[in-house]
Amino acid sequence: MILIKSNNNIKNIITKSLIVSIIGSTFIYFEYFSINNKTINSILALIFIYYILTINKKIILFLIGFFTSILWFWWVGISFKYYDLNYLIPFITILIGIIYGVIFYCFSIINNNIYIRALCIFIFSYIYPFNFNWFQIELLFINSHFGITKLDLILILLSMILLNKFKNRYKVLFIIPLLISIYLNQIKSTVIKKPNIKIYTPQLNVNQNIKWNLEYKDFIIENNMKLIDNAIKNSYDLIILPESAFPIVLNDNKKILNILKTKSNQIDILTGSLYRKNDLYYNSNYYFSKQNIKIANKLVLVPFGEAIPLPQQIRNFLNNTFYNGAKDYEIAEKPTTFTIKGIKFRNAICYEATTNTIFKDLKDIKYVIAISNNAWFKPSIQHIIQNLLLKYYAKKYNIMIYHISNSTPNKIISPY
């Protein structure tokens, strides 16, 4: 009898944790299926915040963190199949779940004081394990009636505290902070119009299986040239190709480099490729205009994809064991800005477009060009979270982002 009760208790704990985790992840899957209902998203986000503030059992908090992170990031390990490391995929998924499970567990490690837990959640919004910052708690509100600033997060946490603490007629006070957040979210910044440039952003769908296969190199490059010629034919000012569109070290290939320089007399060209300097390699974006070349090297690398964010000895061991001795990419010293037809565009390459670092010192810059290669994670919800994050940063910095991606739809993302 005791065993039956114990099993039922475990089942209830897992079920409750999973339900709360689904509530905290629904907005991602709504976006995936093009379901846009701000009211439902708002309610579900508040329910999720309320539960992680008030649940007493630490094991449930751990499981909520575990299940929620898996529902958000189950796709992370997919890229390892291209390194013939398929066996690592389930371990990576479980490890991610454990990391965020421990973080959620720590929300109540001191005690079950709701004020302390709210403070812990707020502090967590600044913490990025291993420099991976895609678990943004504010992202819950990106498609809701509420704002996505730190002030909005404070107001929402305060609202849920009031809902929990006050009884009877005073309980309605929890609405006040929510109304303030809704009001603040309605205050629009300066409207950003599209730049007066005719931009061609062709949709590339190059499978990751063939992207770096030497047998397909000439075919991929030839197709890129055809797209550039088509843009010239249709009188575009600029063509943007995605990350690593040219699967070579472009500055080492003088023939291709000279062809692009020649074509840049007729159209500006922005394309991703590798760059080598002093036997160091960079993930880069090349801008060709009137025979001139400007190169933007990536500033923020993908954790465990382009760089191992661990001490050197561990980093060397992992690179030698799993990546055939490959070294981490090098990084730029600061963000790069291109001036195209008199208009400034901040450059961003994939992951760095979803970090604060790339948006430093924007000043009068209102446009960002972000290039990605999402073929690493296809099929998955990776590009959905990426675009939600891009919308988050577009709102935060009041900018327009041109997101050009291989294998997932190109997007122009505005703040509102």
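The values are calculated or read from the model by the stated rules, or taken from the named source; none is laboratory data. What you see is a predicted model, and the numbers here were worked out from it, not measured in a lab. Quick reminder, even Gly has a Cβ in these numbers, built from the backbone with ideal geometry, and neighbours come from all protein chains shown.
Looking only at residues of segment 159-207 that are over 30 Å from the mean Cα position of the chain (by Cα) and in a loop (DSSP other than H, G, I, E, B), we find that the one that is modelled with the highest pLDDT is Phe166. Looking at this structure, is Lys411 over 23 Å from Trp72 (Cβ atoms) and either surrounded by fewer than 20 Cβ atoms within 10 Å (Cβ to Cβ) or of a type in the set (D, E, K, R) (or both)? The answer is no for Lys411. Of everything in segment 231-253 that is out of contact with any Ser or Thr (no Cβ under 9 Å at 6 or more places or on another chain) and among the small types (Gly, Ala, Ser), the residue that is farthest from Glu306 (Cα to Cα) is Ser235. Looking at segment 383-390, is at least one residue touching a residue at least 24 places away in the same chain (Cβ under 8 Å), in contact with a Ser or Thr (Cβ under 9 Å, 6 or more places away or on another chain) and farther than 26 Å from Ile137 by Cβ? No, that holds for no residue.
Hey, any hits in segment 37-48 for a residue that's charged (D, E, K, R), free of Cβ contacts under 8 Å to residues at least 12 places away in the same chain and out of contact with any helix residue (DSSP H, G or I) (no Cβ under 8 Å at 6 or more places or on another chain)? Show your work before the answer.
Filtering segment 37-48 down to residues charged (D, E, K, R) leaves 38.
Filter again for free of Cβ contacts under 8 Å to residues at least 12 places away in the same chain, leaving none.
No; the residues of segment 37-48 include none that is charged (D, E, K, R), free of Cβ contacts under 8 Å to residues at least 12 places away in the same chain and out of contact with any helix residue (DSSP H, G or I) (no Cβ under 8 Å at 6 or more places or on another chain).
Looking at Ile28, Ile35, Ile47, which one is of a type in the set (A, V, I, L, M, F, W, C), assigned to a loop (DSSP other than H, G, I, E, B) and not assigned by TED's automatic domain parsing to the domain that holds Pro409?
Result of the check over Ile28, Ile35, Ile47: Ile35.
Residues in segment 93-112 that are free of Cβ contacts under 8 Å to residues at least 40 places away in the same chain and either assigned by TED's automatic domain parsing to the domain that holds Gln382 or of a type in the set (S, T, N, Q) (or both): 2 in all. Given the condition at positive phi, basic (Lys, Arg), surrounded by fewer than 20 Cβ atoms within 10 Å (Cβ to Cβ) and touching a strand residue (DSSP E or B) at 6+ places or on another chain (Cβ under 9 Å), answer yes or no: does some residue in segment 333-343 qualify? There is at least one residue in segment 333-343 that is at positive phi, basic (Lys, Arg), surrounded by fewer than 20 Cβ atoms within 10 Å (Cβ to Cβ) and touching a strand residue (DSSP E or B) at 6+ places or on another chain (Cβ under 9 Å).
Taking each residue of segment 72-83 that is more than 16 Å from Gly97 (Cβ to Cβ) and looking for partners that are among the small types (Gly, Ala, Ser) and not in a helix (DSSP H, G or I) with beta-carbon atoms closer than 7 Å, six or more apart or interchain, yields Ser79/Gly305.
Of all residues in segment 77-117, those that are under 19 Å from the mean Cα position of the chain (by Cα) and either of a type in the set (A, V, I, L, M, F, W, C) or exposed (fewer than 14 other Cβ atoms within 10 Å of the Cβ) (or both) total 5.
Please report, ordered by residue number, the strands (runs of 3 or more DSSP E) entirely within segment 279-373 with at least 1 residues that are among the aromatic types (Phe, Trp, Tyr).
280-289, 337-340, 343-349, 367-373
On the stretch given as segment 113-138, residues that are free of Cβ contacts under 8 Å to residues at least 40 places away in the same chain, out of contact with any helix residue (DSSP H, G or I) (no Cβ under 6 Å at 6 or more places or on another chain), of a type outside the set (Phe, Trp, Tyr) and part of a loop (DSSP other than H, G, I, E, B) total 2.
On the given criteria, is Leu214 hydrophobic (A, V, I, L, M, F, W, C), closer than 30 Å to Gly272 by Cα and touching a residue at least 12 places away in the same chain (Cβ under 8 Å)? Break it down stepwise before answering.
Details: hydrophobic (A, V, I, L, M, F, W, C): yes; closer than 30 Å to Gly272 by Cα: yes; touching a residue at least 12 places away in the same chain (Cβ under 8 Å): no.
It is false that Leu214 is hydrophobic (A, V, I, L, M, F, W, C), closer than 30 Å to Gly272 by Cα and touching a residue at least 12 places away in the same chain (Cβ under 8 Å).
Would you check which residues across segment 274-307 are on the phi > 0 side of the Ramachandran plot and either surrounded by 17 or more Cβ atoms within 10 Å (Cβ to Cβ) or among the basic types (Lys, Arg) (or both) and list them?
The initial filter retains those residues of segment 274-307 that are on the phi > 0 side of the Ramachandran plot, namely 278-279, 290-291, 304.
The answer is Lys290, Phe304.
For Ile371, the test of being crowded, with 21+ Cβ neighbours inside 10 Å, over 25 Å from Ile70 (Cβ atoms) and of a type outside the set (Asp, Glu) is passed. Considering each residue of segment 174-192 in turn, at least one proves to be over 20 Å from Phe377 (Cβ atoms), touching a residue at least 24 places away in the same chain (Cβ under 8 Å) and in contact with a strand residue (DSSP E or B) (Cβ under 8 Å, 6 or more places away or on another chain).
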